[in-house]
Amino acid sequence: MLLTRVLSAVVLPPIAIAAVYFGGWPFALFWTVAAAAALWEWVTIVGGLRRYGWTVAGIGYAGLLLFAPVVLRGDPTLGMAAILLLFAIVWTTDIAGYFAGRAIGGPKLVPSISPKKTWSGAIAGLVGSVGVVAIGGQ
């Protein structure tokens, strides 16, 4: 599991940052692929396309995942900075949460939904993201 995370951390961020840098259609293509992957995972988790209501909700979720970053990046003044800050927040939250949760452990956050996530990881992710905003959100 850690190897998969490390490999994805080596491969995906440069692609994401390049998409942010170029903007336009490369950025839209990046988020289209991300939204399609999110929809595929959503449908897999909820039990397939036969669960119509959940599938429709997943389409809405994937649509927002595509629409919001493209609109945000489209701002000519702050679009690139806003997306890079968003990436920094998400990546810091994920990394801090993962390592703190593994190192500290403790009570599970919501075991029925995500059995490995802990309160210590959630708090570390929150603290890390607040730190990123305090430093980089100037």
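The values are calculated or read from the model by the stated rules, or taken from the named source; none is laboratory data. This is a predicted model, so every value here is computed, not measured. Quick reminder, even Gly has a Cβ in these numbers, built from the backbone with ideal geometry, and neighbours come from all protein chains shown. Heavy atoms of the whole protein, side chains included, go into the accessibility calculation; ligands, DNA and RNA do not. Shrake-Rupley method; radii C 1.70, N 1.55, O 1.52, S 1.80 Å.
Residues that are aliphatic (A, V, I, L, M) and not in a loop (DSSP other than H, G, I, E, B) within the range 108-122 comprise L109, V110, A122, listed in sequence order. If you go through the range 26-38 and keep only what is more than 15 Å from P76 (Cα to Cα) and of a type outside the set (G, A, S), you end up with P26, L29, F30, W31, T32, V33. When you check G125 against the structure, is it open to solvent by 40 Å² or more (accessible area, probe 1.4 Å), of a type in the set (G, A, S) and not in a loop (DSSP other than H, G, I, E, B), yes or no? When the stated conditions are applied, G125 does not pass them. Within the range 25-38, one or more residues are aromatic (F, W, Y) and open to solvent by 80 Å² or more (accessible area, probe 1.4 Å). Taking the range 92-121 as the range and being buried (at least 17 other Cβ atoms within 10 Å of the Cβ) and out of contact with any Pro (no Cβ under 7 Å at 6 or more places or on another chain) as the test, the residues that pass are T92, T93, A96, G97, Y98, A100, G101, L109, K117, S120, G121. Looking across L49, L7, one residue alone is open to solvent by 90 Å² or more (accessible area, probe 1.4 Å) and touching a Ser or Thr at 6+ places or on another chain (Cβ under 8 Å). It is L49.
Scanning the range 67-107 for residues that are β-branched (V, I, T) and either touching a residue at least 60 places away in the same chain (Cβ under 8 Å) or part of a helix (DSSP H, G or I) (or both) yields V70, V71, I83, I89, V90, T92, T93, I95, I104. Looking at the structure I just gave you, is G63 within 22 Å of I15 (Cα to Cα) and in contact (Cβ under 8 Å) with a residue 12 or more places away in the chain? So G63 passes the test.
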